[in-house]
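> Before I ask anything, let me first share the structure, which is written out below as structure tokens.
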There are 2 protein chains.
Amino acid sequence: LNQLLLLTDEPNEFYQLLLKYDLPNLEVIPCSSENEAKRIIPNCQITLAHPVMLAACLHYSRDLKWVQSIWAGVEALMTPGLRKDYLLTGIKEVFGPLISEYVFAYILALERQLFDTRLNQLETEWKKLTYRSLKDLVIGIAGFGSIGQQLARTANHFGMRVMTYRRMPGKHPLAERSFSGEELDYFLQNLDYLVLTLPKTPDTDHIINSAALTQMKPSSVVFNVGRGNAIVESDLIEALRSRRIRAAVLDVFEAEPLPLESDLWRLPNCFITPHNAALSFPHDIVKIFVDNYHRYISGQPMQNVIDFKRGY
Amino acid sequence: LNQLLLLTDEPNEFYQLLLKYDLPNLEVIPCSSENEAKRIIPNCQITLAHPVMLAACLHYSRDLKWVQSIWAGVEALMTPGLRKDYLLTGIKEVFGPLISEYVFAYILALERQLFDTRLNQLETEWKKLTYRSLKDLVIGIAGFGSIGQQLARTANHFGMRVMTYRRMPGKHPLAERSFSGEELDYFLQNLDYLVLTLPKTPDTDHIINSAALTQMKPSSVVFNVGRGNAIVESDLIEALRSRRIRAAVLDVFEAEPLPLESDLWRLPNCFITPHNAALSFPHDIVKIFVDNYHRYISGQPMQNVIDFKRGY
């Protein structure tokens, strides 16, 4: 009989119920504080965990074999000095659709001028605002893992032209053109929408700075749904203030929660969301855990294994 | 050499340019008033026209052979007493994608609480609002022509369960279940979103009344992107006011522009747009006209021929 440390930042009764239903023989030890986790982790080989919370108590583990993250971003577990002698699996398939719903919610809201339309209604004004069809627009997706690829599928569904900027050079079937390495400027030049889905690595640090923003069309919009390190926020603020670009939609930031004093909060062409573009829904996460658990028990290859060298 | 009456409600220089470019041998007579059109129409066999404006001068036509509508809805040309001895072609393919962008703009805005998120930003509040994934929701589409089918494709892309209510009984490959005739109540009962894409015909009059609204879930949302006759507005107002349903998103109305005194303007859970969910973009309309023109000249079957008996 195995013991599972279930470590989340919120009450996790629903996780417990789902796990009990699917894996009645697994002993689940629920926990939602790091201090509690420090006492429990020495006895556990398996954990289903919030990666930032786990990082804080990883040092106390003794016989850890497998960690299933409840988040897509696992960079907290890449910190030098933390043990990396266990199997780490991530969550990929569920966040692509959720991020795609978030990005297209804002693309469509901006194109259809939903906020101005609502103001017109408050003024009882029957006024046909104009818009563009997505089929006439170009989206650029930086980072082309499962999230970027799902965004490309949605963009293709709406007839958008899809460009991508990714680590691997060469054409990808989901994109009209692919750029990599030194080609960032070319990638940025003709986009209506730029969506950053980059993991946090040294390569992605500050990739969008004032030099990059200068390449973009004044009508373009920047999304960040990856990690806050990709954007130099002071440069973005300047570009938004001077209307060098049209707007930004940001779910992630250099510091989170976004500090009250950041001007991003107050720019009318900046849309702030509190790092919730893709929530971890227990029914989705448990489904992935259960599948991997059966693989773990029977010695089959696991899904979404993280490469500690790449960091994702 | 053929003469074309180009009849639109707005200045049509862009139509003229596109037509001249694609069909240099066609003599285009531009016109944006009905009175002017009355003088021109007797000499024209072909018109590319706004259907309501054309209806007002159709009586003056003499040798009319073919009318290409610039709108999807052609019910103005179905009025008894108007001549119906010509070939009428509609616009189908372009409105499906535009309506789908409109409907999903609002579905995603409602699910992701874009308006409340914006208010939180104005208060500098970092607050994770919750939402549902579209894959866990059910959409019902009433009317399953080119627009309804395109909505189903987008819904399928997002993993929604699709139900349809349509004239023809029997299963449709784009929908999990199809309902027709007397089955309206069953169709309505389990929907999260209902989208009406019905043409205006005697069969669709007041199909959504208080009896129908009573069948729906309190959390459901009603869209109308077809024609205003489908909904009894006073019944809908009552259902919205009493929160019998969650919200309505309306692009079409019993009377348009929606009268200032209508309570729909002022209900916080009603979203009003001024019949512009799908605009006729000249580059799209001219492309369809040019294709049909070549078919007309060479005697091939035309695209999107309207059946005067059905009315669409």
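> Heads up, I need the accessible area for B:Glu261: 1.4 angstrom probe, whole protein in place, Å², nearest 10.
Looks like 140 Å² after rounding.
> Can you give me the C-alpha center-to-center distance between the range A:48-114 and the range B:191-205, rounded to a whole angstrom?
For the range A:48-114 versus the range B:191-205, the Cα centre distance is 43 Å.
> Still on this model: Using the Karplus equation 6.51 cos²θ - 1.76 cosθ + 1.60 (θ = phi - 60°), what ³J(HN,Hα) coupling, rounded to whole Hz, does each residue of the range A:194-209 give in order, writing x for Gly and Pro?
Rounded to whole hertz, the list is 10, 10, 8, 10, 7, x, 7, 9, x, 5, 9, 4, 6, 5, 9, 10.
> Please name the residues of the range B:142-183 whose accessible area, counted over protein heavy atoms with a 1.4 angstrom probe, falls by no less than 20 Å² between the chain alone and the full protein assembly.
At a threshold of 20 Å² (probe 1.4 Å), the residues of the range B:142-183 that become less exposed are B:Thr154, B:His157, B:Phe158.
> What is the projected area of the convex hull of the Cα atoms of chain B, averaged over all directions, in nm²? Intermediate results must be reported in sequence, preceding the final value.
Numbers: hull surface 73.8 nm².
Orientation-averaged projected area of the Cα hull: 18.5 nm².
> Here's another thing I want to ask about it. Would you please state which residues of the range B:284-312 a label at B:Thr79 would reach in this model, taking the label point 7 Å out along Cα→Cβ and a backbone N cut-off of under 19 Å?
B:308-312
> To continue, here is another question. Which net charge results when you count Lys and Arg as +1 and Asp and Glu as -1 among the other residues whose beta-carbon is under 13 Å from that of A:Ile139?
On the way: positive: A:Arg132, A:Lys135, A:Arg153, A:Arg161, A:Arg177, A:Lys217; negative: A:Glu111, A:Asp136, A:Glu176, A:Asp192.
Charge balance in the 13 Å sphere: +2.
> To continue, here is another question. Determine the calculated [θ] at 222 nm for the protein assembly as shown from helices alone, applying -39500 (n - 2.57) to every DSSP H run no shorter than 4 residues and normalising by the residue count; nearest 500 deg cm²/dmol. Before the final figure, lay out the partial values.
Details: 20 runs with 198 residues, N = 624.
Calculated at 222 nm, the ellipticity per residue is -9500 deg cm²/dmol.
> Can I ask one more? Would you mind getting the accessible area per residue of the range A:127-171, heavy atoms of the protein chains only, 1.4 Å probe, in Å²?
Values: 1870 Å² over 45 residues.
With the other protein chains kept in place, the range A:127-171 gives 42 Å² per residue.
> Report, in whole Å, the centroid distance computed from the Cα atoms of the range A:249-312 and the range B:130-178.
For the range A:249-312 versus the range B:130-178, the Cα centre distance is 30 Å.
> Which residue, A:Asn190, A:Asn25, A:Asn12, has the most motion in a Gaussian network model of chain A that connects Cα atoms within less than 10 Å?
Result for chain A, Cα springs under 10 Å: A:Asn25 fluctuates most.
> Roughly speaking, to the nearest percent, how much of chain B's 1.4 Å accessible area is carbon and sulfur?
Values: 7110 of 13570 Å².
Looking at chain B in its full context, I get 52 percent from C and S.
> Taking every alpha carbon pair in the range A:232-300, what does the distance histogram look like in 5 angstrom bins from 0, in percent?
4, 14, 19, 14, 10, 7, 7, 9, 7, 6, 3, 0
> Work out the FRET efficiency for B:Glu10 and A:Glu125 from their Cβ-Cβ distance, taking R0 = 22 Å, and round it to the nearest 0.05. Walk me through the numbers before you get to the answer.
Numbers: r = 19 Å, r/R0 = 0.85.
Using R0 = 22 Å, I get an efficiency of 0.75.
> Using bins 5 angstrom wide from zero, how does P(r) for the range B:150-286 break down, in % of all Cα pairs?
Once binned at 5 Å, the Cα pair distances of the range B:150-286 give 2, 10, 18, 22, 21, 15, 8, 3, 1, 0.
> For the range B:179-255, with every protein chain kept in place, what is the accessible area per residue (1.4 Å probe, Å²)? Intermediate values should be presented prior to the final figure.
Numbers: 3000 Å² over 77 residues.
Accessible area per residue, the range B:179-255: 39 Å².
> With the contact rule set at Cα under 8 Å and sequence spacing of 6 or more, what percent relative contact order holds for chain B? Walk me through the numbers on the way to the answer.
Values: 566 pairs, mean separation 44.6, N = 312.
Once normalised by length, the contact order is 14 percent.
> Under a cut-off of 14 Å between alpha-carbon atoms, report the aspartates and glutamates in cross-link reach of A:Lys65, not counting same-chain residues fewer than 8 places apart.
Answer for A:Lys65, where 14 Å is the Cα cut-off: A:Asp85, listed by chain and number.
> Which three lengths, in whole Å and largest first, does the range B:179-256 cover when its Cα atoms are put on their principal axes?
28, 28, 17
> With a 1.4 Å probe and every protein chain left in place, work out the accessible area per residue of the range B:1-55 in Å², rounded to a whole number. Display every interim value, and only then the final one.
Working: 2800 Å² over 55 residues.
Result: 51 Å² per residue.
> Something else: Which values, in whole Å and largest first, are the semi-axes of the equivalent ellipsoid of the range A:114-221 obtained as the square root of 5 times each eigenvalue of the Cα gyration tensor?
Details: eigenvalues 182, 54, 32 Å².
Ellipsoid half-lengths, sorted descending, are 30, 16, 13 Å.
> Here is the link list: A:Lys128/B:Lys217; A:Lys84/A:Lys171; A:Lys171/A:Lys200; A:Lys38/B:Lys135. Which ones come out longer than 28 Å on Cα distance?
Details: A:Lys128/B:Lys217 32 Å; A:Lys84/A:Lys171 34 Å; A:Lys171/A:Lys200 24 Å; A:Lys38/B:Lys135 37 Å.
Exceeds cut-off: A:Lys128/B:Lys217; A:Lys84/A:Lys171; A:Lys38/B:Lys135.
> With +1 on each Lys and Arg Cβ and -1 on each Asp and Glu Cβ, how big is the dipole of chain A about its Cα centre, in debye rounded to the nearest 20?
Values: 32 positive and 35 negative charges, 151 e Å.
Dipole size: approximately 720 debye.
> On to the next question. Computed over the Cα atoms, what is the radius of gyration of the protein assembly as shown divided by 2.2 N^0.38 Å, N being its residue count? It would help to have the intermediate numbers written out before the result.
Details: Rg = 27.8 Å, N = 624, 2.2 N^0.38 = 25.4 Å.
After normalising by residue count via 2.2 N^0.38 Å, the value is 1.10.
> Then there's this: In square angstrom and rounded to 100, what buried accessible area do you get between chains B and A, total over both, with the probe at 1.4 Å? Intermediate values should be presented prior to the final figure.
On the way: alone 15910 and 15930 Å², together 27150 Å².
For chain B against chain A, roughly 4700 Å² becomes buried.
> May I pose another question? In nm, to one decimal, how far is the modelled label at B:Glu256 from the one at B:His206, with both set 7 Å along Cα→Cβ?
2.2 nm
> Evaluate the distance, in nm, between pseudo-label points positioned 7 Å from the Cα of A:Ser219 and of B:Leu17 along their respective Cα→Cβ axes.
In this crude label model, A:Ser219 to B:Leu17 measures out at 1.3 nm.
> Be a star and scan the range A:204-244 for residues whose amide nitrogen sits under 19 Å from the point 7 Å along the Cα-to-Cβ vector of A:Arg132.
It comes to A:213-224, A:240, A:243-244, nothing else.
> Out of A:Ser219, A:His157, A:Leu194, whose Cα points farthest toward the positive end of the dipole of the range A:82-221 (charges: +1 Lys, Arg; -1 Asp, Glu; placed on Cβ)?
A:His157
The values are calculated or read from the model by the stated rules, or taken from the named source; none is laboratory data. Note that the coordinates shown come from a computational prediction; the quantities given were computed from them, not determined experimentally. Methodologically, a virtual Cβ is constructed for each residue, glycine included, from the backbone with ideal geometry; neighbour enumeration extends over all protein chains shown. These area figures cover heavy atoms from the full protein model, side chains too; ligands, DNA and RNA do not enter into them. Shrake-Rupley method; radii C 1.70, N 1.55, O 1.52, S 1.80 Å.
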